[in-house]
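The next block holds one structure in the form of C-alpha cells; read it before the comments.
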Amino acid sequence: MANHEDIFKKVISHAKEYGFIFQSSEIYDGLSAIYDYGQNGAELKNNLKQYWWKSMVQLHEDIVGIDSAIFMHPTIWKASGHVDAFNDPLIDNKDSKKRYRADVLIEDYCAKLEEKANKEVEKAKKRFGDAFDENQFRETNPRVIKYTEEIDTIIKRMSKSLESNDLEDVKKLIEELGIADPVTGSKNWTEVRQFNLMFSTKLGSTADTATDLYLRPETAQGIFVNYLNVQKTGRKKIPFGIAQIGKAFRNEIVARQFIFRMREFEQMEMQYFVPPGKELEFYELWKARRLAWHHALGLGEENYRFHDHDNLAHYANAACDIEFKFPFGFKELEGIHSRTDFDLSAHEKYSGKKLQYYDNEKQESYIPYVVETSIGLDRLFLAILSNCLKEEELQDGTTRTVLSLPPSLAPYKVAILPLVKKDGLAEFAEKIYNDLKIDYNVIYEEKDSIGKRYRRQDAIGTPFCITIDHDSLEDNSVTIRYRDSMEQERVSLDVLTKIIDEKANMKYLLLRNHIKDLLA
Ligand code: GAP
C-alpha cells in the first residue's frame, strides 16, 4: 500500500503526463505556484465550471451571474480591509534563511498531535475488533484526551494572539512548543511579521500619472460593488444572490502542494443578499446546500466534513470550511461565510454612494447582510483528480491506471477507435465521430493496438470507447467498452446516443444535485 506522499506524487506526475496540468513557463524553469491547464485539464475545468454555474445560477431563480473585471478601483481594497488586514504572519529561520507562515508551523505541530491521537485509536481498534466504540474511546482514553486538550489550548491561544495582532506571543508559542525549521531542524527564529498578500501593478503610461492598482485577491468585491446595478436592472427582491467565476491572485508565501495553494487561481463565489437578522438562517441553509452539491458528485460522503472557524476574518460573524480528504489529509475546499453588512457598509462609506435596498414589504431601507459561498476551482479540480485516480489490479495479474471521473465531467465522453485504418473502417468511424461531436466532446484515435488505446482513454477518464470492426460495416453495430467495468457490449448504432446520454449528460448530475438541494 503506497503512502500518502507517493499517492500525491503520482497525482502530480499523472496530471503532467496526460495533459491535465503543466508547470507555468516550464521551458524557462517555471514559475513557482503557477500552473497551466493542458488540453485535458482545460476540458475538465470547464466541465466543473459548468456544473457550478448551472446548478448555482440556472437552477436557482433567485441567483444571477456576472463577470466583473480583475482590475478595480484601488479604494475598493482599502474599504474591504484587504490593504490593512489581508496579511499572513511570517517568520524566518535565521540559519536556513527559509520563510514560513507562523500559523502554518503551529497548525502542522497540532496535526502531528492529532496523528498521535489517531494512532492510539487505530491501535485500540485492532485490539478490540468489532466491539470497539471509537467515540467512547476518544472521550475516555487519557492519552487521547491529553492530545486533544493540548491541540485545543494551542489553537485557542494562537487565534487570540492573531486576532489581537499580538505577534510577539505567536513567536513565544512557537518557541515554547519547540517548533523547528521543518527542513533543517534549526530553532533560530526571527520575529513574526505581517506580510500583505496582494500583488500590485500600475495603470497608466507615464511614471508620474500612473495609478497603483492591485490584482484582485478575491472575486467577491466585484459582486459587492455591482450589487445595486444588478438589483435594480434585474429587478431583484431580497433575498437574492449574485454569482461569478474568475481569477484571483495572492502572493502566497507557503505556496506548495501543487494546485492546492497557487498564486494565480480561480474562484467560484456567490454572494447571497438577505435582510439583517436573517443571515445566520441563510448561512445554515447554504452550508447544507453546498455540502449536498459536493455529495452529488459521488466521490464518497465520508470524504467531506465541516470545520468551523475559531479565528473569524474581519468581515464575518460566522464562518466554516467544507474540508475534503486530499491525499495529504482533510483540508479546506470551500469557505462559507456570514459576512454581515461589513462590505456594503464600507463601500457606502468610502464611495459616498448609497447602497441601501428599499424593502417594499417592510417599507424600510437597509443595507443587506451577505452570506457567501466561495470555492476554489483549482482545489476542486485537485480533489476530483486525486480521488478518481486509481491503480487497479486486474485478474490477469497486470495493473491499469484509471481515472474514474464522474462521466459528465470527463474531458472526453467517447473515444472512437477503428480497429484498423484500412478497408473503409476509418471512414465509417469518422462518420460516427462527426455525428456525435455536436453533442459531446469526442476523441478519435487510430494509432496503436486497441488495448493500448483503451489504456490511454482509461488514464484520461473517457467513460466510453467505441470500437469499429469489419462487422460494423455489415450490421451497423459497434462494440462499446465501459471504462469502469471494462465490460464490452455489441450495440446497434441506433442506441449509441441513448447509452452515452444516460450516463454522461450533465443533466443527470444537475438533477441529482437539485433534488439534494431541495431537501437541504
Ligand atoms: N471571498 C472569500 C474568500 O476569498 P477564502 O477562504 O480566502 O475566502 C475561498 O478563499 C476559497 O478559494 C478557498 O476555500 C479555496 O478553495 C480557494 N483558495 C484560496 N486561496 C487559494 C490559493 N492560494 N490557491 C488555490 N485556491 C485558493
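The values are calculated or read from the model by the stated rules, or taken from the named source; none is laboratory data. All values derive from a computational prediction rather than experimental measurement. Note that each Cβ is placed from the backbone with ideal geometry, even for glycine, and that neighbours are counted across all protein chains shown. Quick note on the areas: whole protein, heavy atoms, side chains included, nothing else; ligands and nucleic acids left out. Shrake-Rupley method; radii C 1.70, N 1.55, O 1.52, S 1.80 Å.
What the table shows:
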| item | result |
| --- | --- |
| Options Met198, Met158: the member that is of a type in the set (A, V, I, L, M, F, W, C) and within 16 Å of the ligand (Cβ to nearest atom) | Met198 |
| The lone exception for Leu297 - which of (1) buried (at least 16 other Cβ atoms within 10 Å of the Cβ); (2) outside any helix (DSSP H, G or I); (3) within 14 Å of the ligand (Cβ to nearest atom) it fails | (3) |
| Verdict on Glu332 being within 15 Å of the ligand (Cβ to nearest atom) and closer than 19 Å to Asn87 by Cα | yes |
| Flag if Asn251 is open to solvent by 30 Å² or more (accessible area, probe 1.4 Å), modelled with pLDDT under 95 and within 11 Å of the ligand (Cβ to nearest atom) | yes |
| Pairs with Cβ under 7 Å, 6+ apart, first in the stretch 233-257 and in contact (Cβ under 8 Å) with a residue 60 or more places away in the chain, second within 11 Å of the ligand (Cβ to nearest atom) and aromatic (Phe, Trp, Tyr) | none |
| Search result, residues across the stretch 153-205 that are of a type in the set (Asp, Glu), open to solvent by 70 Å² or more (accessible area, probe 1.4 Å) and without any contact (Cβ under 8 Å) to a residue 40 or more places away in the chain | Glu168, Glu175, Glu176 |
| Some residue of the stretch 411-429 being open to solvent by 70 Å² or more (accessible area, probe 1.4 Å), closer than 23 Å to Ile500 by Cα and not basic (Lys, Arg) | yes |
| Elements of type strands (runs of 3 or more DSSP E) in the stretch 342-414, at least 1 residues being within 16 Å of the ligand (Cβ to nearest atom) and aromatic (Phe, Trp, Tyr) | 369-376 |
| Meets criteria (among the acidic types (Asp, Glu), modelled with pLDDT of 95 or more and within 15 Å of the ligand (Cβ to nearest atom)) for Glu264 | yes |
| Unmet criterion (only one of (1) among the charged types (D, E, K, R); (2) open to solvent by less than 30 Å² (accessible area, probe 1.4 Å); (3) more than 15 Å from the ligand (Cβ to nearest atom)) for Glu323 | (3) |
| Residue within the stretch 222-230 that is without any contact (Cβ under 8 Å) to a residue 12 or more places away in the chain and either away from the ligand (no atom under 16 Å from the Cβ) or part of a loop (DSSP other than H, G, I, E, B) (or both) present | yes |
| Residue that is within 22 Å of Met198 (Cα to Cα) and at pLDDT below 95, where the choices are Gln257, Gln244, Gln221 | Gln257 |
| Matching residues in the stretch 97-109 - criterion: being free of Cβ contacts under 8 Å to residues at least 60 places away in the same chain and over 24 Å from the mean Cα position of the chain (by Cα) | Lys97 |
| Elements of type helices (runs of 4 or more DSSP H) contained in the stretch 418-520, each with 1 or more residues being within 22 Å of Leu394 (Cβ to Cβ) | 450-460 |
| Residue within the stretch 493-516 that is without any contact (Cβ under 8 Å) to a residue 24 or more places away in the chain, open to solvent by 20 Å² or more (accessible area, probe 1.4 Å), charged (D, E, K, R) and more than 26 Å from Ala296 (Cβ to Cβ) present | yes |
| Hey, Phe137 assigned by TED's automatic domain parsing to the domain that holds Leu167, free of Cβ contacts under 8 Å to residues at least 24 places away in the same chain, surrounded by 13 or more Cβ atoms within 10 Å (Cβ to Cβ) and not aliphatic (A, V, I, L, M) or not | yes |
| Pairs with Cβ under 8 Å, 6+ apart, first in the stretch 31-50 and within 18 Å of Leu510 (Cα to Cα), second open to solvent by less than 20 Å² (accessible area, probe 1.4 Å) and hydroxyl-bearing (Ser, Thr, Tyr) | Asn47/Ser408 |
